1. Round to the nearest 10 and give me the degree value, 0 to 90, for the angle of helix 76-95's Cα axis relative to the longest principal axis of the chain.
2. Go through Ala201, Leu139, Val94 and say which Cα lies farthest out towards the positive end of the charge dipole of the stretch 88-212; charges sit on Cβ, +1 for Lys and Arg, -1 for Asp and Glu.
3. Apply the a/c threshold of 1.5 to the C-alpha gyration tensor of the stretch 78-236 and tell me whether it is rounded, prolate or oblate.
4. By how many degrees, between 0 and 90 and to the nearest 10, does the Cα long axis of helix 199-216 differ from the longest principal axis of the chain?
5. Counting Lys and Arg as +1 and Asp and Glu as -1, each charge on the Cβ, what is the dipole of the chain about the Cα centre in debye, to the nearest 20?
6. Just to confirm the number: angle between the C-alpha axis of helix 123-134 and the first principal axis of the chain, 0 to 90 degrees, nearest 10?
7. Any idea how far the Cα center of the stretch 293-339 sits from the one of the stretch 371-450, in Å?
8. I'd like the carbon and sulfur percentage of the solvent accessible area for the stretch 113-250, probe radius 1.4 Å, heavy atoms only, ligands and nucleic acids excluded.
Amino acid sequence: MRALFDALADVLADRARPGELLAATLQAEASEFVRFNGARLRQAGRVERATARLRLVDGERQAFFELTLPGLTSSRDAVAAAIEPALATLRDAVAGASPDPLLDVLRDAVVSDDDGDEGRFDRDAFVDAVAHAAGDVDLVGFCAAGPIVRGFCSSAGSRQWFRRDRVAFDWSIHLPVDAAAGGARKAVKASWSGESLDTAAIASAIAASRADAAVMARPVVHLAPGEYRALLAPRAFADLVEMLSWGGFSARAMRAGQSPLSRLARGEAALSPSFDVAEDLDAGFAPAFQSDGHPRPRRVALIERGRHAASLISPRTAREFGLVSNGAPESESPQSLRVACGQLPAHDSIARLGDGIAVSNLWYLNWSDRAAGRVTGMTRFACLRVEGGEPVAPIEAMRFDDSIYRLFGDALEALGATPARLPADDTYDARAVGGTEAPSALLSALRLTL
């Protein structure tokens with residue numbers, strides 16, 4: 001894939017006419033996909049794919065063209081033949097385009113190389129490990145493994161490269177239908193990820209899921225609406241924190257009054273002093289450049305000790321409002337979010353919860369009142385009633401509605417000492433980059449509404 005990227009950069013440099021800037025963002029992968037049903041292999045396959053989003057800039061006018069490149073091992077001549085018709089289309093489009101006063105594409109020769117460690121994935125060993133660890137339970141799962149690439153290159157000499165190998169396995173263990181509970185379906189959902197296959201770690205994670213499934217087999221407890229102490233697993237806590245990506249950290253949303261963190265930014269409210277959030281590229285989830293080619297700082301502190309520290313500012317927003325860009329993507333959403341850990345050991349977290357609910361993940365999240373920072377969603381899968389520091393039974397799926405100013409503020413009692421790495425697992429158009437690193441969280445109260 002590196003040779004393909006270099007060939008693309010060479011072709012752009014050769015084909016650019018005087019006064020033109022030709023740029024391209026490369027999105028490529030060589031992926032192994034494995035699906036399981038009943039803890040046995042259902043489907044396996046391999047996908048190799050590379051797309052380029054070409055961009056022609058002439059003064060303040062621009063046009064885009066996206067195409068699939070002929071193959072990961074394509075020669076320079078093959079790449080040139082593939083993009084030649086696109087260049088003709090782009091030149092026609094630019095000739096009739098209106099000027100874009102906020103256009104701010106990188107016009108310098110920036111070179112960077114972020115090549116992660118080469119990963120290892122043995123499909124047969126992986127399938128055997130899952131089947132052995134799952135035993136006779138009904139495990140349904142999906143794994144995507146292999147390298148993911150992002151690149152930006154231009155006729156001005158910019159060549160910025162990002163590559164990561166990743167194994168991401170997402171699964172659920174389904175219990176038999178409970179006829180006594182009206183045909184209720186119960187399941188435990190979990191995931192594991194790493195740069196290389198680690199069969200021992202996967203087996204351990206599946207064993208933990210099986211232990212949760214044993215509790216889930218007990219009769220369901222119906223909770224009355226009200227406030228409950230809650231222990232949020234890292235995935236559930238990350239689900240809540242990621243809601244702040246919906247404009248919470250965006251400078252444009254702040255200016256438009258559409259950010260759920262506007263009160264925090266104005267100093268009218270504060271969160272817990274233990275709540276620190278940063279866009280941290282050293283977490284390794286995303287490249288250190290954005291789609292306009294501008295380099296990004298390694299770290300931007302967003303919330304420090306519960307106070308607003310900074311917003312994400314894209315080049316376009318910077319030009320529109322006279323700000324200084326920090327290289328944020330156009331969406332001004334974080335791509336490599338890191339939440340600082342606390343002091344709560346994992347082995348002590350259920351005991352510290354005492355009486356309450358342990359929440360593994362949250363679903364169907366949305367803002368119920370964006371301006372007030374109120375978020376709503378559902379508990380689902382292995383969410384357990386805890387009494388006296390021991391899980392006793394699964395709870396019925398419940399809706400919650402609460403304020404992030406409370407959940408991340410006075411109600412935030414403790415944060416876990418160990419973070420979980422949660423890479424983005426979307427595969428709709430291509431395997432996604434991005435992710436969140438977050439610990440567990442102990443809340444003194446979570447408001448369940450129905």
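1. It is inclined by approximately 80 degrees.
2. The one lying farthest along the dipole's positive direction is Val94.
3. prolate
4. The angle comes out at about 40 degrees.
5. Details: 50 positive and 59 negative charges, 142 e Å.
Magnitude of the dipole: close to 680 debye.
6. 20 degrees
7. Each part's Cα centre sits 25 Å from the other's.
8. C and S fraction of accessible area: 52 percent.
The values are calculated or read from the model by the stated rules, or taken from the named source; none is laboratory data. What you are looking at is a predicted structure, and each value in this text was computed from that prediction instead of being measured. Positions of Cβ are backbone-derived with ideal geometry, glycine not excepted, and every protein chain shown enters the neighbour counts. Ligands, DNA and RNA are stripped out before the accessible areas are found, and what is left, the full protein with its side chains, is counted by its heavy atoms. Shrake-Rupley method; radii C 1.70, N 1.55, O 1.52, S 1.80 Å.
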